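Reading through the structure tokens given below for one structure.
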């Protein structure tokens, strides 16, 4: 907001990751000058078309912040088009790449993206404790300040002077000591992604999800599973979400009895992640078989909540 001091609005959507929205809302409250977070609603709970931002973004908008791929449905925003809409009104863009990086090519330069963040423990294979990352467009690096000033971001980090002068370039956005062991562990995962090639990984990702959706249509839809991801692969990331009236119970039965660990998101969403680097078509076929088995055999019944309470429950990962 300090980069656009005459503007008071941050725009996002109701499909963004909750912690992103919490951070944005808290930032607006801390500024306490009429700043606000404006949420663009999704009409179908799956995606938000770029046209919706044409209406929401205006002269009061300082920042548009969205998840490139939506964490629940797998909907993929048009990176370049939404960025164009924001820039037309003079706003900056901040993209969360956590659910897309490593599974598809992402050309931030071609899309003229201003800022991006993301995690490395998903498709980049970083594992627990993997570091996050930050992208700042080069021409903005000297214009933007780090609100969490730390010694690693100082121009002369080892003189330990009490005054703060930011370093040049991207290093000014560092704060404390980086997690050296976690960074070192990232290298093999990144090497594998680079060797495979993001174009090839995206091709396999689409093929895997299309195969799974075909199995859903023939085997799982008759059992009450609903597709809650975009049908068009161009609008989809590398995970597919299915809904079911007994989603929570199915999830628990899969974990406890059938050795499948999906990701449950209330109220009914089973999120199936397909990492193209190592997920096989045989894995996907076996997954569909076990999703069928848990319903056909009624295995989910023992996990249902008593007294007719809703089967929706907390997140299980």
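At least 1 residues that are farther than 30 Å from residue 169 by Cβ in each: list the strands (runs of 3 or more DSSP E) lying fully within the range 1-118 that qualify. Strands (runs of 3 or more DSSP E) meeting the threshold: 9-13, 36-40.
Pairing residues of the range 171-186 that are over 19 Å from residue 117 (Cβ atoms) with residues that are crowded, with 18+ Cβ neighbours inside 10 Å and modelled with pLDDT under 90, at Cβ distances under 9 Å and at least 6 apart in sequence or on separate chains, gives 185/126. Every test in (1) closer than 27 Å to residue 106 by Cβ; (2) in the same structural domain as residue 107 (by TED's automatic domain parsing); (3) at pLDDT 90 or above is passed by residue 156 save one, and that test is (1).
To keep it simple, each residue is scored yes or no on (1) crowded, with 20+ Cβ neighbours inside 10 Å; (2) closer than 20 Å to residue 100 by Cβ.
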residue: 5; (1), (2): no, no
residue: 32; (1), (2): no, no
residue: 53; (1), (2): yes, yes
residue: 61; (1), (2): yes, no
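For first residues located in the range 66-93 and more than 13 Å from residue 48 (Cβ to Cβ), partners that are assigned to a helix (DSSP H, G or I) and lie 6+ apart or on another chain with Cβ distances below 6 Å form the pairs 93/83; 93/86. What is the residue count in the range 1-51 for residues that are without any contact (Cβ under 8 Å) to a residue 24 or more places away in the chain and closer than 21 Å to residue 237 by Cβ? Here the count works out to 7. Scan the range 42-64 and tell me whether some residue there is touching a helix residue (DSSP H, G or I) at 6+ places or on another chain (Cβ under 6 Å) and closer than 26 Å to residue 267 by Cβ. No, there is no match, as no residue in the range 42-64 is touching a helix residue (DSSP H, G or I) at 6+ places or on another chain (Cβ under 6 Å) and closer than 26 Å to residue 267 by Cβ. Selection of the range 162-199 for residues being over 15 Å from residue 277 (Cβ atoms), surrounded by 12 or more Cβ atoms within 10 Å (Cβ to Cβ) and out of contact with any strand residue (DSSP E or B) (no Cβ under 8 Å at 6 or more places or on another chain) yields 171, 174, 175, 179, 182, 183, 185.
The values are calculated or read from the model by the stated rules, or taken from the named source; none is laboratory data. Please read all numbers here as calculations on a predicted model, not as lab measurements. Ideal geometry is used to build each Cβ from the backbone, glycine not excepted, and the neighbour counts take in all protein chains shown.
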